[in-house]
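The values are calculated or read from the model by the stated rules, or taken from the named source; none is laboratory data. For clarity, every value in this text was computed on a predicted model and none was experimentally measured. Neighbour counts run over all protein chains shown; Cβ positions are idealised from the backbone, glycine included. For the accessible areas, the whole protein counts, side chains as well, though only heavy atoms, and no ligand, DNA or RNA atoms are used. Shrake-Rupley method; radii C 1.70, N 1.55, O 1.52, S 1.80 Å.
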Amino acid sequence: MTPRLRRLENHPDQWLQVRPAGLYCVPGDFYIDPHRKVDRAVITHGHADHARAGHGHVLTSPETAAIMRVRYGKNCAGTFQELSSGAWVDHFGVRVGLVPAGHVLGSCQIVLEFGGWRVVASGDYKRASDPTSADFEVAPCDVFITEATFGLPVFVHERAEDEIAKLLASLQTFPNRTHVMAAYSLGKAQRLIAELRAAGYDMPIYLHKAHQRLCELYEEFGVPLGPLRRVESATATALKGGVVLAPPSASREGWAEALTEPLNCAASGWMRIRKRAQQSRAELPLVISDHADWPDLIRTIHDTGAEEVWVTHGREDALVYYCQTQGLRGRALALIGREEEPE
Amino acid sequence: MKAFSTLIDRLTVTPAPQHQIALISDYLRQTPDPERGYALALLTGEMSLRMTRPAVIRALVEERTDAALLDMSLDYVGDLAETVSLLWPASKTNRAAPILSELVEALPQQASRRSKADFPATLAGWLDACEPSERFTLLRLMTGGSVRAGVPTSRVKAAAAALSATVGTAAVEEVWHALTPPYGDLFDWIEGLGLRPDTKGKPVFHPFMLGTEVGPETALNRAADSDWLVEYLWSGARVQWVQAGGVVRVFSRDGDDLSAAFPELTRPLPVDAVFDGQLTVHLRTEAGTELGTGEDLERRMRRKTMTPAVLRDRPARLKVFDILAADREDLRNLPLRDRRERLAEMAGIVEEQWLSLSPLLNPASVRELHQGLAGSIGAKGLIFKRGDRPYGGADPARQEGMKPGDDWLKWPRAALRFSAVLLYVQRVAGGSRADFSEFTLGAVTEDLDGPALVPIGKVSPAGLATEDLAHINAFAKEHTRERFGPVRSLEAGIVLDVCCERVERSARRKSGLRLITPRLLGLHQDVPWQQAVTLQSLLNLIA
């Protein structure tokens with residue numbers, strides 16, 4: 001049997017479609033990360049633009065299911081089907097498996113096998129090590145569906161420990177200023193805490209109420225975060241020279257206004273670009289991201305051995321162009337409803 | 001290099017002066033000589049490491065990257081040095097990133113033709129050994145770009161002084177211009193390992209004597225007291241003219257060397273001297289010479305190269321009012337009356353067109369003089385100086401327990417007062433609810449569709465009462481038209497009571513004018529915005 005001949009039939013173009021609700025698998029009758037309510041959804045990870053409430057049936061990792069229940073309530077989906085990474089299910093002739101994506105706790109790539117083809121929908125992913133998330137695993141495939149949040153060669157992230165060292169150095173230079181780190185509540189906050197702990201920072205870290213429940217959940221899943229306190233009940237004196245994690249929107253709250261000379265920090269891949277860092281008005285912009293940087297995007301494409309790469313969201317042009325220079329078929333999937341970087 | 005580039009990165013995003021000083025002094029404390037000395041020279045602009053042109057850098061990166069990806073990246077980032085710093089392929093090299101001293105050593109070799117041809121390879125080797133942030137700083141340095149991140153030199157000197165418990169900023173400023181990079185003698189002195197660097201016979205900066213602003217009551221009181229002398233308070237830029245050993249320097253208020261921008265003022269006089277005075281720029285027209293605006297002055301200060309046309313059409317003048325040294329004799333401890341005598345003597349032997357003496361005025365007629373200020377050319381007020389006092393610069397040792405400014409009292413010209421419409425508000429980053437950092441004001445113009453608004457200038461919200469700010473904040477919440485980051489444009493509705501020293505014409509601005517030192521006096525409740533000042537009436541105020 002010559003694979004080429006076989007492959008002209010059942011090409012994924014024919015059974016994976018972009019529909020208004022998102023990426024749809026025709027024979028399996030399910031969507032991947034739909035941004036509207038659907039009957040059947042397979043979810044890569046718990047960020048709000050990938051995991052929405054109200055689906056009939058959700059297949060996802062146990063961690064993502066738990067995250068969705070915490071964020072949206074127990075009845076946020078009709079039924080949850082939890083699948084551990086490495087396990088497979090058969091559904092209307094489509095084999096579905098989950099493989100760790102390294103993005104946040106519970107994040108997975110979705111492996112689909114149908115008609116002799118193997119497709120991997122990576123969701124969001126990163127290759128850099130992260131104490132709060134299982135490491136990315138390469139899943140060999142024919143078609144690799146990749147994100148491209150940082151799909152330009154200028155996006156080269158720093159090593160998280162080097163960036164955390166900058167934060168620790170800043171705490172030495174400004175021992176009286178509270179370092180307020182803007183961080184979204186799922187993933188970024190816990191990673192920053194864990195990286196601080198790994199660097200030997202053992203003081204209490206102050207959390208905004210928006211972060212508390214998910215931090216507890218991470219600890220329930222065996223990610224130790226060390227001593228945590230609520231920022232709302234801490235005095236300005238206690239916060240002096242300390243580290244606070246809060247959502248970006250919290251800067252007008254009472255505790256924030258009581259701080260004298262707070263030092264605003266931000267951690268994101270966008271901080272790589274000076275103009276963006278200046279616009280963020282953070283005095284300490286750290287280049288730490290939950291997404292793959294350019295070198296890791298192209299490394300991953302090669303690692304999967306895919307002959308075809310579909311680019312879902314971010315800066316598709318450069319990545320599609322790159323695939324073409326490598327003799328791979330590159331194609332931009334126009335998925336709507338994705339935010340710039342849901343960190 | 002890493003510590004230096006990290007410092008530059010942080011200075012770029014650190015707004016508060018005291019925090020910038022803390023970052024720089026931390027760096028100076030942790031960095032050995034001569035590395036920190038070269039850093040000091042680069043931060044103050046005393047030294048340039050320019051060795052190549054952007055085209056050379058572009059050619060280097062084009063050899064190493066895909067042309068289409070480079071274009072897409074340049075498009076997104078906008079800056080060549082930054083794009084290259086990020087795109088440059090990481091390479092496994094055992095070499096360490098170059099330190100500043102290494103770059104300084106390489107500088108003189110660039111003069112020879114052979115090394116010029118070899119330079120791209122040298123630069124590529126350095127870039128290979130660097131990380132992105134280091135590459136950016138390196139590339140900026142190599143093309144002669146500034147790495148100063150908008151930090152004034154006085155702040156860098158303050159950071160150096162912060163290494164010492166005893167040496168103050170003013171003392172550092174005073175020796176600064178006698179020193180050269182890498183400033184080993186300066187650090188030795190600051191850190192208590194050496195003597196104060198010798199400044200004898202060198203043209204160095206002397207800390208300025210400062211004045212305080214007073215109202216008419218105090219001013220008239222002083223005028224009646226025979227201990228006090230009266231002069232005009234001149235518009236223009238306060239400078240110090242220093243000649244030592246036949247070499248002339250012109251220093252700004254911050255102690256920056258302006259000599260290159262004003263070559264016509266640097267012809268040596270027959271004897272060395274140090275003058276305190278006011279610098280102005282004039283416009284030569286067919287009708288004669290008239291006083292230039294503050295904008296004309298700033299434009300000349302910023303010039304990097306001088307042309308004969310500029311010297312002919314925009315000549316600079318210096319009005320001197322004090323003398324700090326004459327013929328190598330420090331006069332600062334003499335009473336002002338004696339200094340004025342020495343100044344008059346000196347002015348008598350100097351015949352330079354660019355130099356004139358600020359005259360002493362008759363104290364009996366200060367009231368009339370002050371009322372006549374509007375008609376005088378270049379005077380923005382009167383100043384009263386105590387005749388029996390020495391010249392006390394900002395150096396505490398000289399101040400003899402006096403508050404700065406007690407000996408010189410400024411009575412500025414009555415301010416112009418008008419009402420203007422609030423167009424934009426800018427919030428303090430991370431600040432509290434009613435914390436505005438800047439307001440943009442507008443004046444009324446007549447448009448085809450009726451009255452419209454045109455921006456006339458920015459003003460600090462300081463001076464408004466808390467309840468006025470709360471009112472503006474409540475209004476801003478309901479009536480924001482657009483947001484641009486921390487800036488909001490508002491619907492017309494808030495009318496403010498504004499005063500300013502004067503109005504100058506400005507070709508650069510849409511309104512055609514510039515408000516000089518505007519301040520807010522309060523909020524006009526119940527005044528419709530259409531009744532605020534019109535642009536035409538402000539333009540009519542231009543002297």
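Can you tell me which residue among A:Ala53, A:Ala65 is at negative phi, buried (at least 16 other Cβ atoms within 10 Å of the Cβ), in contact with a Phe, Trp or Tyr (Cβ under 8 Å, 6 or more places away or on another chain) and not assigned by TED's automatic domain parsing to the domain that holds A:Lys209? Before you say what the answer is, go through the steps one by one.
Numbers: A:Ala53 fails: buried (at least 16 other Cβ atoms within 10 Å of the Cβ).
When all the criteria are applied, what remains is A:Ala65.
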Of all residues making up segment B:207-224, the number that are assigned to a loop (DSSP other than H, G, I, E, B) and open to solvent by less than 20 Å² (accessible area, probe 1.4 Å): 3
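Got at least one residue in segment A:68-85 being β-branched (Val, Ile, Thr), more than 26 Å from A:Glu195 (Cα to Cα), surrounded by 24 or more Cβ atoms within 10 Å (Cβ to Cβ) and not assigned by TED's automatic domain parsing to the domain that holds A:Glu219?
Checked segment A:68-85: no residue is β-branched (Val, Ile, Thr), more than 26 Å from A:Glu195 (Cα to Cα), surrounded by 24 or more Cβ atoms within 10 Å (Cβ to Cβ) and not assigned by TED's automatic domain parsing to the domain that holds A:Glu219.
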Test set (1) at pLDDT below 85; (2) exposed (fewer than 14 other Cβ atoms within 10 Å of the Cβ) - B:Glu478 fails condition number: (1)
Boolean, A:Leu167 is closer than 30 Å to A:Ala238 by Cβ and either open to solvent by 10 Å² or more (accessible area, probe 1.4 Å) or at pLDDT below 95 (or both): no
Any chance B:Ala96 is modelled with pLDDT under 95, surrounded by fewer than 21 Cβ atoms within 10 Å (Cβ to Cβ), under 30 Å from A:Leu168 (Cβ atoms) and not hydroxyl-bearing (Ser, Thr, Tyr): yes
Matching residues, segment A:322-343, being surrounded by 20 or more Cβ atoms within 10 Å (Cβ to Cβ) and either β-branched (Val, Ile, Thr) or at pLDDT 95 or above (or both): A:Tyr322, A:Cys323
Considering residues of segment B:325-343 that are touching a strand residue (DSSP E or B) at 6+ places or on another chain (Cβ under 7 Å) and over 19 Å from B:Leu233 (Cβ atoms) only, the residue most open to solvent (accessible area, probe 1.4 Å): B:Arg342
Those residues of segment B:126-172 which are of a type in the set (Ser, Thr, Tyr) and within 25 Å of the chain's Cα centre (by Cα), in sequence order: B:Thr137, B:Thr143, B:Ser146, B:Thr153, B:Ser154, B:Thr169
Residue satisfying all of: in segment B:261-288; more than 22 Å from B:Pro207 (Cβ to Cβ) and among the aliphatic types (A, V, I, L, M); surrounded by the fewest Cβ atoms within 10 Å (Cβ to Cβ) among these: B:Ala287
Subset of segment B:20-54 [over 28 Å from B:Ser112 (Cα atoms) and either open to solvent by less than 10 Å² (accessible area, probe 1.4 Å) or within 14 Å of chain A (Cβ to nearest Cβ) (or both)]: B:Gln20, B:Ile21, B:Ala22, B:Leu23, B:Ile24, B:Ser25, B:Asp26, B:Tyr27, B:Leu28, B:Arg29, B:Gln30, B:Thr31
Residues of segment A:256-267 that turn out to be more than 7 Å from chain B (Cβ to nearest Cβ) and under 21 Å from A:Ile164 (Cβ atoms), as a count: 4
Residue in segment A:164-176 that is among the charged types (D, E, K, R), touching a helix residue (DSSP H, G or I) at 6+ places or on another chain (Cβ under 8 Å), within 14 Å of chain B (Cβ to nearest Cβ) and touching a residue at least 24 places away in the same chain (Cβ under 8 Å) present: yes
All positions within segment A:283-321 that are touching a Ser or Thr at 6+ places or on another chain (Cβ under 9 Å) and either within 12 Å of chain B (Cβ to nearest Cβ) or open to solvent by 30 Å² or more (accessible area, probe 1.4 Å) (or both): A:Glu283, A:Leu284, A:Pro285, A:Leu286, A:Val287, A:Gly314, A:Arg315, A:Ala318, A:Leu319
Options A:Ala183, A:Ala210: the member that is under 30 Å from A:Tyr72 (Cβ atoms), of a type outside the set (Ser, Thr, Tyr) and surrounded by 18 or more Cβ atoms within 10 Å (Cβ to Cβ): A:Ala183
The listed residue being assigned to a strand (DSSP E or B) and either of a type outside the set (Ser, Thr, Tyr) or in the same structural domain as B:Asn362 (by TED's automatic domain parsing) (or both), out of B:Trp241, B:Trp189: B:Trp241
Any hit, segment B:12-19, residues being open to solvent by 40 Å² or more (accessible area, probe 1.4 Å) and either over 26 Å from A:Leu286 (Cα atoms) or more than 11 Å from every other protein chain (Cβ to nearest Cβ) (or both): yes
Residue that is nearest to A:Gly241 (Cα to Cα) [pool: residues in segment A:184-212 that are of a type in the set (D, E, K, R) and more than 18 Å from the chain's Cα centre (by Cα)]: A:Asp202
Restricting segment A:244-255 to residues that are surrounded by fewer than 23 Cβ atoms within 10 Å (Cβ to Cβ) and touching a residue at least 12 places away in the same chain (Cβ under 8 Å), the residue that is farthest from the other protein chains (Cβ to nearest Cβ): A:Pro247
Flag if A:Arg118 is closer than 21 Å to A:Leu214 by Cβ, open to solvent by 10 Å² or more (accessible area, probe 1.4 Å) and not in a loop (DSSP other than H, G, I, E, B): no
Some residue of segment A:268-281 being open to solvent by 30 Å² or more (accessible area, probe 1.4 Å), in contact (Cβ under 8 Å) with a residue 12 or more places away in the chain and within 11 Å of chain B (Cβ to nearest Cβ): yes
Filter pass, B:Val487 being open to solvent by less than 50 Å² (accessible area, probe 1.4 Å) and touching a Phe, Trp or Tyr at 6+ places or on another chain (Cβ under 6 Å): yes
Test: residue in segment A:141-161 that is surrounded by 15 or more Cβ atoms within 10 Å (Cβ to Cβ), closer than 20 Å to A:Asn264 by Cβ and either out of contact with any Asp or Glu (no Cβ under 8 Å at 6 or more places or on another chain) or within 13 Å of chain B (Cβ to nearest Cβ) (or both): yes
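Which members of segment B:65-79 meet the condition of being part of a helix (DSSP H, G or I) and surrounded by fewer than 15 Cβ atoms within 10 Å (Cβ to Cβ)?
B:Ala67, B:Ala68, B:Asp71, B:Asp75
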Residue count for segment B:289-315, restricted to those that are without any contact (Cβ under 8 Å) to a residue 24 or more places away in the chain and hydrophobic (A, V, I, L, M, F, W, C): 2
Unmet requirement for B:Glu82, which otherwise passes all of (1) of a type in the set (D, E, K, R); (2) part of a helix (DSSP H, G or I); (3) away from chain A (no Cβ under 14 Å); (4) without any contact (Cβ under 8 Å) to a residue 60 or more places away in the chain: (3)
